[in-house]
C-alpha cells in the first residue's frame, strides 16, 4: 500500500462524511424510538389510518396527501382504465423518437388546468436535476449564462444539482430568502437565477411578490419547487406561486410533484411564454427527461382523473375542509405557522425531549415526525404535523390532546386567535434548514 | 449593462453549449425526416405494432421490451391488482419513516429471483445519481475513498454524476474498456471504482471476466448498469453481468431498469455481501431514494407478476424466441454484432445515407433508429435494430427486405454463419460513443 495516492476531496457543494455521519445518528435515534422504519398497512375505509403487523393502529399525520386524493376512487379507477386502454405500463422508447399519446394527453389537460405549458417528469427531483443545468448554461432562460443563487434552505433535490450547475456557470448559496443579497447580485451580474422552494416542508412560503419586484426590475429568473402547495392552494389548485406571482413568463419556472396533494405519481414542469423550440430543448436535453423512463400509464390515468376533480366544486370543497382542519388544529395548539394556509405545523420541542414526545404521541395513536438536527438547526427542534382534508375532528382533537399530554401548551381560546385567512400572502417563516426533509 | 461580470464556465465534465448545439441538429434532422417526434397508438393485438393518426402502420424495431413482457396480460393484471389492494398509487411519506409493505415485498421477491440484496428505485438513472456519489466518498464500498474511473462510453445517466462525484473524490474518464489504464490506476491508488455499462445501447457487453481479474487482484470496485440484459439474458433473467461475474460481493454493484425486458417500471440495485447498515446507508443517503417518490403500486404489482413469470419455463421460452429472432435477422443482414446474444444490431450506413435510408424503411412499415453523430462518432453511423421475442418471422423478414431495398448487403447463406451461441461471453464491441442514446 505504500506510495499510493491519497485523495483530498474538495467538498465545495456536498460532503458525505458530514451528511452520513450526522444523518445516521438522526435516523438511528428515530428508529430506536420506533418513529422510523415503521411498516404498516393502510386501513380499508379510513384514509390516513394504518396498522402495523403487531396490531398498533395509528393516524398518519406525516403524509403529504393534503387533500386525500391519493385514495380517491376515481383516481384509482383512472389508473386502472389507462392500464387497460394502453395495455402496457410504458412503451419503452425515448419520447423524442416515438410516443404513445398518454403523456401528451396529460400535458394538454394539465396545461389547460394550470394555464401554462406543461412538461411531465417522473418526479420533481428528476425534473430539477435536468432543468437546473440547462438554466445554468442559459439554454433555458434568455440565452445569457446566469449566476445561479441557491437559497441555503432549498430542498436537497435542487441543492444536489449545484455541482453540475457549477460546471456550466458560477454557483453561490444565499441566506434564506435574502432579498438584499439577491438584489446585490442582480446589480453585479448580467443575469441571475434564484433557486428556492415555493412552499417548503417546514411550513413556509417563498416571498413571491418581493421576488417579482426583482424579476421586473432586473430580469431575475426564479426557479420554484412548489410541491407542497399544488392542489392544496389556489383556484383549481394552481398552487401558491402561480396564485401570487405576477411574472408568469420566461422569468419564472415552477416544478411541482404530483405525488403530494395532487394524489398520484410523477411531476410537472410549468413554463410560460417559452417558444416551442425552448420546450424542445427541455424535452431533448433536460437530463433524464430525454433518456429515462417516463411516468407510467397508471400514473397518467390517475393524473387525468385527478385533473378532472380539480375542475369541479369538489376541489374547492376539499381545500375548504383542509383549511377547516388547519384552523381546528390551530385552535388547540399554537405554533409559528398558526393562522397560515400552509398544511404543515411545527410544534416546538427541545432537542432533548422531541424524540420521547414523538414516541409517546405515536403510542397514543398518531404518527408525527420529530425534526431535529441536521434537518433543522440545533435549538429549533419540533414535531412536524401535516393536516389533510380527510382527517376527522376526532382525529385532530385526539392528536392535540396527545400533544398536550407530552407538555405542549394548549392554545388560548379561539376568540383570541385570527381565523385562517383566505388565499393571501403570508409573512416569511423562521429560517430553518430543510436538508433531507421531504 | 456595463461593468457586469461575465462568467467563464469550467466545462470539466459537461458542456451544454456543445451538447445542445450538435444534439439539436441531430434531432431536427431526424424529425424533419419523420423519424422522430412520432406519435402513435399501440395495436390492440399485435405487440410492437403501432399506427399514427394519419393511418401509417409500422412495427417498432426501436423498443427495448426485448421479451414483450410489457404487454403480457399477467403483468397488466398484476398492476391492477396492486392498485386495488393498496388503494393508492403511493402513500406519500419517506420510506425511512413509514412504508406500506409494497416495496418490501417486491425487494424480497426480486432478491430471491436474482440471488442478491435488492433496493428498488424509480429508474436506473435515479439509482445511479444516488449511488455514485456514495461510492465516491467510500460510504458504499470498503470505506476507502476511491479514484472514480468512468468509461468514456458509459451511459449519460452515469456520466451525469461526474460533477457530484468530483466534489467527493477524484474523477477521471478512461478509454472504452481500457483495462490497461485501469490496472495502472489500481497500482497507483489505494482503491479504484470503475463505472461502465454491463450491456450498452449499441450492442456491446463489458469485459466482465477481465474486470473480475482486476477486482480479485486489486479490489477494484465495478459499478455496472446492466439495463439491456436483465431478463433477456441468463438463467431466470439475472442478466449478463451476474451470469459471468465471479466476484459477486461488495466489489460489484449492479443497477438495472425494470422498464426494458423486465416489462414494467422502476429499477433495481443489486448488492451482494454488504452488511445491513450499508444497505441502510443506501436507503437513507442515496440521493432521491431517500426523499423522493418511490415506484408506485402499479409498478410494484406489475413487477411482482413479471417476477413470477421469470420463475417459470415461460421465461426460458421467451429468451429462446428472442434468440431465434436474433438468429433469423443475422441470417439476412450481417453486422458487427452478428452471432452475439445481444438483442441490438447496428446496420452500418454512411453519415450521408443513414437518414434517408431510415426514412424509407419507416415508410415501408418498420421503425428503426438512425444513429449518427453525436450519438456515435462520425463515420460509424447506422440503423439500430432491436429484436424482441414477440416479433414474427414475417415482420423480421419484412424488415430485412426493406433494409436490402435501401442498399444494405444481404448476408451470406445461413450455412456459412455461426449460429447464435448459448449464453457465453462475447468479444469486445467496437468503441462507440453512446451519449444520449437510451
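Some observations on this one:
- FRET efficiency for the residue B:217 to residue A:17 pair, using the beta carbon distance and R₀ = 22 Å, is estimated at 0.15.
- For a paramagnetic label modelled on residue B:235 (point 7 Å from Cα along Cα→Cβ), amide N atoms under 16 Å away belong, within the range B:69-112, to B:112.
- Average beta-carbon neighbours from other chains, 10 Å sphere, peptide B:21-32: 2
- Packing, taken as the mean count of other beta carbons within 10 Å per residue, orders the peptides B:88-101, B:242-255, A:169-182 from highest to lowest as B:88-101, B:242-255, A:169-182.
- Rounded to 5, the percent of DSSP beta bridges in chain A classed as antiparallel: 55 percent
- Summary value for the range A:73-310: 31 percent relative contact order, contacts being C-alpha pairs under 8 angstrom separated by 6+ residues.
- Bridge type composition, the range A:138-247 - antiparallel percent by DSSP, nearest 5: 5 percent
- Under 15 Å from the residue B:44 label point (7 Å along Cα→beta-carbon), backbone N, the range B:50-79: B:50-51
- Inter-copy separations for residue A:56, label at 7 Å along Cα-Cβ, nm, ascending: 6.0
- Ordering A:225, A:272 by the number of other Cβ atoms within 10 Å of each residue's own Cβ, fewest first, gives A:272, A:225.
- Remark: A:360, A:384 ranked as A:360, A:384, counting other beta-carbon atoms within 10 Å and listing the fewest first.
- Sorted fewest first by neighbouring Cβ atoms within 10 angstrom, B:106, B:113 come out as B:113, B:106.
- Distances from residue B:209 to itself in the other copies, using label points 7 Å out along the Cα-Cβ axis, amount to 7.2 nm in increasing order.
- The mean number of partner chain beta-carbon atoms within 10 angstrom of a residue's beta-carbon across peptide B:362-374 is 1.
- Residue B:84 versus residue B:401: modelled label distance in nm, points set 7 Å from Cα along the beta carbon direction: 4.5 nm
- DSSP-defined antiparallel bridges as percent of all bridges, the range B:73-310, nearest 5: 35 percent
- Kirkwood hydrodynamic radius of the range A:73-310, from inverse mean 1/r over distinct Cα pairs, in Å: 17.8 Å
- Remark: spin-label model distance residue A:283-residue A:112 equals 1.9 nm, labels positioned 7 Å along the Cα→Cβ axis.
- Position residue B:320, label points 7 Å along Cα→Cβ, spacing to each other copy in nm (shortest first, one decimal): 6.5
- From most to least packed by mean Cβ count within 10 Å, the peptides B:365-372, A:28-35, A:64-71 give A:64-71, B:365-372, A:28-35.
- Annotation: peptides B:258-267, A:388-397, ranked by per-residue average of other Cβ atoms within 10 Å with the highest first, follow the order B:258-267, A:388-397.
- Here the sum of -39500 (n - 2.57) over DSSP H runs of 4 or more residues, divided by the residues of the protein assembly as shown, equals -11500 deg cm²/dmol at 222 nm, to the nearest 500.
- Two-site FRET efficiency, residue B:209 against residue B:181, from Cβ-Cβ distance with R₀ of 22 Å, rounded to 0.05: 0.80
Since every read-out is calculated from the coordinates, none of them should be taken as a lab result. These figures come from a predicted structure and were not determined experimentally. Because the Cβ atoms are built from the backbone with ideal geometry, glycine has one as well, and the counts that use them run over all protein chains shown.
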